[in-house]
Structures are given as C-alpha cells and as structure tokens.
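Have a look at the structure below, then the notes.
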Amino acid sequence: MSLPGAAELLAALDATWPAHSMEVQDGWLLRDGAGGGKRVSAATRDRPGALVAHAENWMRARGERPLFRMGPGDEDLDAALAGLGYAVLDPSLIYAAPASALAQKPPPVSLFDIWPPLAIMREIWAAGGIGDARLAVMARAPQPRTGLIARRDDRAVGVGFVAVQAQIAMLHAVEVVPGMRRRGIGALILGGAAHWAQAQGASWMALAVTEANTGAAALYKRAGMAAACGYHYREAPR
C-alpha cells in the first residue's frame with residue numbers, strides 16, 4: 001500500500017492544526033496563527049511565480065517577521081529566499097503508516113480519549129510549552145478530533161491530540177512528563193491514537209517531527225512508520 005503523497009499529507013497537517021484565519025492573495029496562502037506557532041503562521045505558495053514581496057508586505061503590515069514554509073516543489077522559492085538571507089528553521093519530516101499497522105487497543109485504564117481536555121492535560125501541555133494559543137488551535141480543528149491522556153501508576157503521564165482529515169489522522173502535541181520518558185508512553189499514545197483513528201474511519205496515521213528530535217523519530221520508525229515527505233521554514237533576517 002503506497003503512502004499518501006506530500007500534497008495530501010501537508011493538506012491534512014494544515015487541516016488538523018488550523019490557522020486562526022487564512023487569506024488567498026497574489027498567489028499566496030497567508031495565515032494568521034493568533035500566536036499558535038510557525039505551523040499556523042507561515043505563508044505557503046498557492047501558484048508558481050507568486051512574488052515574495054507580496055507575502056512579505058502582508059506579514060510586515062501585521063507586525064510579523066516574514067515566515068514561509070517550504071515543501072516539495074518549492075525548491076526555486078527556497079533558493080530565492082536563501083538568496084535574500086532567509087534562515088532555515090525546523091527541518092521536519094512527516095511520518096506515515098496504515099492505521100491498521102499501528103492500532104493497539106490500550107490496556108484498561110492506561111489511555112483515554114477525552115475532549116475537551118481535562119485540567120491535568122492542560123497542565124502537562126503547558127509544562128511542555130504548549131499553552132493556550134496552541135490549545136486554541138486544537139479547538140479549531142474539525143471533527144473528528146480528541147485529546148489523549150496516558151496514565152501509569154495512578155497518575156497522568158502523557159498527552160496528545162489527534163484529528164482526522166480525508167482518511168488521514170494526524171497526531172500532534174505529544175508530551176510525556178519528565179521521569180516517564182523512554183518508558184513506552186509515546187508508543188502507548190501512538191498505538192491508542194491509531195486505534196481511535198480507525199474507529200473514525202481513518203485509513204492512515206501520520207505526524208510531523210523535527211529532524212532534530214531523533215528520539216521521537218526512532219520511536220516512530222520502530223513502530224513501523226516511514227518518512228513520507230519533508231518541509232522546513234524560511235524566516236526573514238529581520
């Protein structure tokens with residue numbers, strides 16, 4: 001079974017972790033992330049030949065440093081931005097696998113799908129740098145969506161968020177509490193997310209991880225996921 005293509009995966013990434021608002025102007029998709037981070041704020045090209053200055057002007061008028069996401073097919077734009085002094089940020093890979101290959105029904109009382117998130121889920125996310133603006137991103141995601149909370153030794157030890165778009169379930173915001181890492185919590189969340197996704201009719205499980213996060217990448221590879229496509233950001237020098 002062939003993995004979904006880059007366009008499908010990036011569309012699912014955007015749909016399940018959506019910007020506050022988006023405009024299509026002058027060949028660009030321009031995003032207002034409302035403080036939710038690069039993924040919901042970066043501009044992407046909507047058609048070849050779109051002028052960089054148009055997107056730059058839109059972002060600068062909002063008091064933002066211009067930020068673009070580069071994916072497959074953007075090699076010419078990437079080179080142009082490099083020539084303008086734009087720095088590379090967060091090279092990332094999207095991993096994917098059939099949901100059926102990953103799905104594992106969680107053992108009793110080990111993992112729960114809950115929405116809206118409980119206070120303890122919010123606390124774990126906040127401790128990992130995932131604050132209110134990113135929780136607002138989750139709340140904007142289309143149905144079906146849910147939060148995941150892992151438990152061990154009678155306490156909450158990890159969280160995640162998953163949503164489905166066009167047969168692709170995307171797992172976001174996985175956070176395991178310090179002291180419980182490398183103890184199978186990430187694998188529990190991944191398997192439980194795929195189990196939940198199958199029940200929603202999803203065929204694929206996918207997620208994005210920075211290339212620098214080698215520990216997470218190793219986990220996903222061990223689980224049977226494969227890198228399907230990559231992307232990175234380019235940020236203006238000032």
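How do the strands (runs of 3 or more DSSP E) wholly within segment 34-128 filter down when requiring 2 or more residues that are more than 17 Å from the chain's Cα centre (by Cα) and either modelled with pLDDT of 95 or more or surrounded by 19 or more Cβ atoms within 10 Å (Cβ to Cβ) (or both): which remain?
87-98, 111-114
Taking segment 149-176 as the range and being under 17 Å from Leu219 (Cβ atoms) and assigned to a loop (DSSP other than H, G, I, E, B) as the test, no residue passes. Here Gln143 meets each of (1) assigned to a loop (DSSP other than H, G, I, E, B); (2) of a type in the set (S, T, N, Q); (3) in contact (Cβ under 8 Å) with a residue 60 or more places away in the chain with one exception, condition (3).
Within segment 203-238, being closer than 16 Å to Ala173 by Cα, hydroxyl-bearing (Ser, Thr, Tyr) and either part of a strand (DSSP E or B) or in contact with an Asp or Glu (Cβ under 8 Å, 6 or more places away or on another chain) (or both) holds for one residue alone: Thr210.
Residues are listed down the side, and each one gets a yes or a no for (1) more than 28 Å from Leu3 (Cα to Cα); (2) touching a residue at least 12 places away in the same chain (Cβ under 8 Å):
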site	(1), (2)
Ala127	yes, yes
Asp154	yes, no
Gly160	no, yes
Gly179	yes, no
Leu188	no, yes
Ala226	no, yes
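The values are calculated or read from the model by the stated rules, or taken from the named source; none is laboratory data. Quick caveat, the model's predicted, so the values are computed rather than measured. A quick note on method: Cβ atoms are made from the backbone with ideal geometry, for glycine too, and the neighbour counts reach across all protein chains shown.
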